[in-house]
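The values are calculated or read from the model by the stated rules, or taken from the named source; none is laboratory data. Every value quoted in this text rests on a predicted model; they were computed, and no experiment measured them. Neighbour counts are summed over all protein chains in view; Cβ atoms, including those assigned to glycine, are modelled from backbone coordinates with ideal geometry.
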Amino acid sequence: MGIEANLMRLREEMGAACRRAGRPEDAVALMAVSKVHPVELLLEAYAAGQRLFGENRVQEFGEKAALLTGLDVEMHLIGPLQSNKTGRAAELFAAVDTVDSLKVAQRLNAAAGALRKKLPVLIEVKLSPEESKHGIAPEELPGLLETLAGLESLSINGLMTVPPWSEDAELARPYFQRLRRLRDEQQRVCSTLVELSMGMSGDFGVAIEEGSTCVRVGTAVFGRRQKSLSAT
Ligand SMILES: *Cc1c(COP(=O)(O)O)cnc(C)c1O
């Protein structure tokens, strides 16, 4: 199946999920997750009209970015960010969707300020105890949001989460519901907290039913990923 056909099918399935949930069909953005894939596949999606992309490594995207100059792509970082790469990340990405510590937020804020830009970010929340998962604990969210309110070069636009992997999308539903509740509660403190980045190839329909505003879809757009070799 080609990338264009995959994108079309996904848009239909997203539309169906919006209708099930009684939400307008343009309520959910489709982010094509191009990590690990060669830039040619990203360009194929671009030719099919896709503009919003997610990459999970600063260095990997740095190499691809040189081949995308002049294109109207909106690229988000959706992988963990080490504080020594915040400067490069602020330069390369239109948004960072995985802020999960005050230190990273402060460094991103300084880097964005130096570039004279306001950088949109999401806070990644860890809703399950798995060791491999990134994100801040939900209990720490209110305190973090309060501190981040003072960072003038960041725009705190919403929350993001990755539930534990499962074959059964229904098992992800409680995590999506929890993220939405957190957003609704914290909106009183942080009025810009609107976005909910949740849902991937296996569970985006459920995520849309639970209020996702952006689904991050890799496999269902580009096919299976080869295991990545580098560990940066
Ligand atoms: C890789 C990745 C995705 C896409 O996953 P698929 O299952 O291939 O759709 C989404 N979100 C994050 C944070 C990822 O790292």
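Restricting attention to the stretch 205-219 and to residues that are within 13 Å of the chain's Cα centre (by Cα) and within 8 Å of the ligand (Cβ to nearest atom), the residue that is surrounded by the most Cβ atoms within 10 Å (Cβ to Cβ) turns out to be R216. Taken as a whole, the structure places A172 among residues that are part of a helix (DSSP H, G or I) and within 13 Å of the ligand (Cβ to nearest atom). Here the condition is being over 29 Å from I136 (Cα atoms) and surrounded by fewer than 17 Cβ atoms within 10 Å (Cβ to Cβ); of A16, A110, A45, A114, it holds for A16 alone.
Right, G143: out of contact with any strand residue (DSSP E or B) (no Cβ under 8 Å at 6 or more places or on another chain), closer than 24 Å to A111 by Cα and assigned to a loop (DSSP other than H, G, I, E, B) or not? It is false that G143 is out of contact with any strand residue (DSSP E or B) (no Cβ under 8 Å at 6 or more places or on another chain), closer than 24 Å to A111 by Cα and assigned to a loop (DSSP other than H, G, I, E, B).
Could you pull out the residue among I136, I156 that is within 16 Å of the ligand (Cβ to nearest atom) and either small (G, A, S) or touching a helix residue (DSSP H, G or I) at 6+ places or on another chain (Cβ under 8 Å) (or both)?
I136
In this structure, S132 does satisfy being of a type in the set (S, T, Y) and at pLDDT below 95. Residues in the stretch 185-201 that are of a type in the set (G, A, S), assigned to a loop (DSSP other than H, G, I, E, B) and either under 11 Å from L30 (Cα atoms) or within 16 Å of the ligand (Cβ to nearest atom) (or both): G199, S201.
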